[in-house]
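A short worksheet on the structure shown next.
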Amino acid sequence: MRVLDVAAVSAWSAACVHSLAVLRPSIDGINVYPVADSDTGSNLLFTMTAARDALAEAEPATTAEALAAFAKGAVAAAKGNSGVIMSQVVRGIAESAAARELDGPGLAEALGCADRAATGAVSRPVAGTILTVLHTVAATVRDETGSLEEVAAEAASVAAEALEETPKQLPVLAVAGVVDAGARGLVAVLDALHGVISGGLTEPEHPLEAHHHHTIDAPTAWEVMYLLDGVDEGSLPGLRKTLSGLGDSVTVAGDGAGAYAVHVHCADIGAALEAGIELGRPRRVRVEPLITPTPVEVGGGIDRSVVAVVHGGPLAELLRAEGVAVLSVPPGASPTVEEMLGLINEAAGHHVTVLPGGQRLTAAADAAAGHAMAADRDVVVIPCVSPVQVLAALAVHDKDRRTNDDVVAMAEAAAATRRGELRIAQEESLTWVGRAQAGDVVGLVDGEVVLIEPAPASETSLVAAAVGVLNRMLALGGELVTVLTGVDAPVRLPGELADQLRLEHPEVEVTSYAGGQTDAVLLMGVE
C-alpha cells in the first residue's frame, strides 16, 4: 500500500512551484476584485516558492515533519488573500498527516482537514471561490477507500470540474467571463500532487485563457498583510470582527506554532495595523494598492444588480430562486460590515440596489453603502421595514427599464405596501387596544397593535386574528395579499386563511410563501 512519503512531499513542493510559474501570467490576467487579489498568480507563486524553500532547509525525517515545514513556510510568506488560503490548505494536510499515514483514505481525510482549516481562516467565505472548489473536493472524496493515486486523481478531476462552475456561483466572474483565479491555482496544486504520485506530468492539465480588464489608476483601497506574534488565541474572533468592520477579504490564519498571518482589504491602513498592535506584535508588514476593475459599461453586459438582505432561510431561498443575490442573516442578528460589503461588491454591474427586509437591516445596508470600500459602486438602499415590502419591490422590478426609473418604481411599491403581523405575546403588556397576556395572539398593522385574541393560540384563533388584521388593511383598498409564514405557523394556516379571504374578499388575490421568520407567526402585505 503506497503512502505519501518525504520524497513525494519534496517533489510535490517543487511541482507546485513549477506549475504555478507556468500558470502565473494567465492567473495574473484575472482581476475581478473583490474576489481575487490584483496579482493572484504572483502571490500564489511567491507563497509556494517560500514554502518549498522552507521545506528544503528543514531536512525532515518523516512525512509529518516535511508537511509541517512546508506549511509553516507557506504561512510565514503568505502573500495576498489567495496565498493565505493556500497556506491553510497545506497546513490542514500537515495536521492530518501528524495523526495518520497519508494513504488513499488518509489523503481523503487530509483534504477534509484542509477544507476546515482554510474555511476557518476566512471571516466571510464566498461562494464561487477557491473555498467552494476545495469544499467540493473534500466532500466528494470524504468516504473514498481507494489507493493514494486514485484519491489524488479524483481530487484533481473534481477540482477542475468545480472550477468551471465558479462563474455560475459569483456574478462578477460571469460578467468578466473568467473562472476564479485562486481556485485555478488550487487545481494546479492538486494536479501537481497527482502528477507526483502517479509519476506522470506535472504541467497544468487545464490551461486557462484569462481576459484582462482595464483598471482604475488611483486605488481607493489597500491590501494589508502582516504576521502577528504573541497573540492570545481567544482574542482572534475579536480581531476578525474589527478587521471585518474595516473592509473585506479578512483572513487570520495560524501556522500551528503560534504565529498568525493577517490579511484584509480596506481603505484605512493605520486602523488595520492598530488592530494587530493592540493584541500582539506585527512584523513583516506589507501594504499594496488594490486595483479594481472599471465598472461594466451600460449596454455592455450586466450594468446593475438587485440584492437583498433578510432574516429567514426559506425567504432567502425564495428570493434566490428569482435570481436575486441574498445575504441571509440569523434571526435577531445584524449583518457585519464585511458581509454587507461582500453582498454589494460581489454583485454584477456598477449600480446596486439593496432591498433590506427590516429596520435594522436597512441601517446596516445604509452603513455599507457609504463605506469607503464600496466607493466605486453606485449603491441605492430602498428602505423596507418588512420582508413583504421587499417582495412588493421585486414584483415591479424591470431590468429593461432605465435604472433610475426602476429604483423609483421599486421604492414606491415598497412604500405603498401596508404590512400586518401576527405575533404571540411573550409577556404581559399594555397596548392601545387593551392588555395582552403571555400567549395571546397579537395583531399589528404598520407596527401598531390593532387586536388581541386570547390564549391559547390555535389554528382557528390565528385564522380569525389574521382575517381581522387583513380586514382593517383592506378597508383602504387592495388587490393582492402576500402572506409569509413563520417557523411556528401551523401547516394548514395559509390554506385556511386563503379560503376565508375568498369568502370575505373574492376580489383579492392571495399568495403565501414560507418565510422562516421566528419573531412572527405571520407577516402580511397588502398591495
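The values are calculated or read from the model by the stated rules, or taken from the named source; none is laboratory data. These numbers were taken from a predicted model, which means no experiment stands behind them. Here the Cβ is made from the backbone with ideal geometry for all residues, glycine too, and neighbour counts use every protein chain on show. Protein only, heavy atoms only, side chains kept; ligands, DNA and RNA dropped before computing areas. Shrake-Rupley method; radii C 1.70, N 1.55, O 1.52, S 1.80 Å.
Which whole-number percentage describes the relative contact order of region 148-188, with Cα contacts under 8 Å and a sequence gap of 6 or more? Please report the intermediate quantities before stating the final value.
Numbers: 24 pairs, mean separation 15.7, N = 41.
After rounding, I find 38 percent.
Let's see if you can work this out: charge +1 on each Lys and Arg Cβ, -1 on each Asp and Glu Cβ, no other charges. What is the dipole magnitude of the chain about its Cα centre, in debye to the nearest 20? Let's see the in-between values first.
Details: 32 positive and 69 negative charges, 136 e Å.
That gives the chain a dipole magnitude of about 660 debye.
Compute the long axis of helix 387-396 from its Cα atoms, compare it with the longest principal axis of the Cα atoms of the chain, and write down the angle in degrees, 0 to 90, nearest 10.
90 degrees
Specify whether the C-alpha gyration tensor of region 58-108 places it in the rounded, prolate or oblate class, a ≥ b ≥ c being the square roots of the eigenvalues: rounded for a/c under 1.5, otherwise prolate if a/b is larger than b/c and oblate if not. Intermediate values should be presented prior to the final figure.
Numbers: a/c = 3.51, a/b = 1.49, b/c = 2.35.
Oblate, since a/c reaches 1.5 and b/c is not below a/b.
Which of 10, 94, 359 sits farthest toward the positive end of the charge dipole of the chain, with +1 on the Cβ of Lys and Arg and -1 on the Cβ of Asp and Glu?
The Cα lying farthest towards the positive end belongs to 359.
DSSP beta bridges in the chain, what fraction antiparallel, as a percent rounded to 5?
Values: 45 of 66 bridges.
Bridges in the chain that DSSP calls antiparallel: roughly 70 percent.
Taking 8 Å as the Cα distance limit and 6 or more residues as the minimum spacing, I'd like the relative contact order of region 39-156 as a percentage. The partial results should precede the final answer.
Details: 176 pairs, mean separation 25.4, N = 118.
Relative contact order of region 39-156: 22 percent.
Just read off the accessible area of residue 488 with the full protein assembly in place, 1.4 Å probe, to the nearest 10 Å².
Around 110 Å² of this residue is reachable by solvent.
Between (1) 23.6; (2) 27.0; (3) 25.8, which entry matches mean projected area of the Cα convex hull in nm² as derived from the coordinates of this structure?
Only one option fits the structure, namely (2).
Quick one: pull the percent of accessible area on the chain belonging to carbon and sulfur, 1.4 Å probe, ligands and nucleic acids left out.
On the way: 11310 of 21530 Å².
Heavy-atom surface of the chain belonging to carbon and sulfur, 1.4 Å probe: 53 percent.
Once you place label points 7 Å from the Cα toward the Cβ at residue 273 and residue 286, how far apart are they in nm?
1.7 nm
Show log10 I(q)/I(0) for region 36-156 at q = 0.15, 0.23 Å⁻¹, two decimals, from a solvent-free Debye sum over equal Cα scatterers.
For the requested q values the scattering log ratios are -0.66, -1.32.
Kindly report, to the nearest 10 Å², the accessible surface of residue 124 as traced by a 1.4 Å probe over protein heavy atoms only.
Per-residue accessible area (residue 124): approximately 40 Å².
Express the relative contact order of the chain as a whole percentage, based on alpha carbon pairs under 8 Å and six or more residues apart in sequence. Working shown, then result.
Numbers: 1167 pairs, mean separation 57.3, N = 527.
It comes to 11 percent, rounded to a whole number.
Once every Cα of region 335-488 carries one equal point scatterer and solvent is ignored, give the base-10 log of I(q)/I(0) from the Debye formula at q = 0.15 Å⁻¹, two decimals.
For the requested q values the scattering log ratios are -0.87.
Give me the accessible area of residue 460, 1.4 Å probe, in Å² rounded to the nearest 10.
About 110 Å², rounded to the nearest 10.
Report, to the nearest 10°, how far helix 80-97 tilts away from the longest principal axis of the Cα atoms in the chain, using its own Cα long axis and a range of 0 to 90°.
70 degrees
Roughly what angle does helix 104-121 make with the longest principal axis of the chain, taking Cα atoms, 0 to 90 degrees, to the nearest 10?
60 degrees
Please report the spacing between the Cα centers of region 467-527 and region 334-411 in Å, no decimals.
First find each Cα centre; the distance between them is then 26 Å.
What are the ³J(HN,Hα) couplings of region 400-416, residue after residue, when phi is run through the Karplus curve with 6.51, -1.76, 1.60 and θ = phi - 60°? Round to Hz, x for glycine and proline.
Values per residue, Gly and Pro as x: 8, 7, 4, 4, 4, 5, 5, 4, 4, 4, 5, 5, 5, 5, 5, 5, 7 Hz.
Using helices alone, I'd like the mean residue ellipticity at 222 nm for the chain: each DSSP H run of four-plus residues gives -39500 (n - 2.57), total over residue count, nearest 500. Before the final figure, lay out the partial values.
Numbers: 18 runs with 252 residues, N = 527.
For the chain, the value works out to -15500 deg cm²/dmol.
When every alpha-carbon pair in region 400-511 is counted, what percent end up more than 20 Å apart? Display every interim value, and only then the final one.
On the way: 2870 of 6216 pairs.
Pairs farther apart than 20 Å: 46 percent.
Return one whole number: the accessible area per residue of the chain in Å², for a 1.4 Å probe. Walk me through the intermediate numbers first.
On the way: 21530 Å² over 527 residues.
Counting only protein heavy atoms, the per-residue value for the chain is 41 Å².
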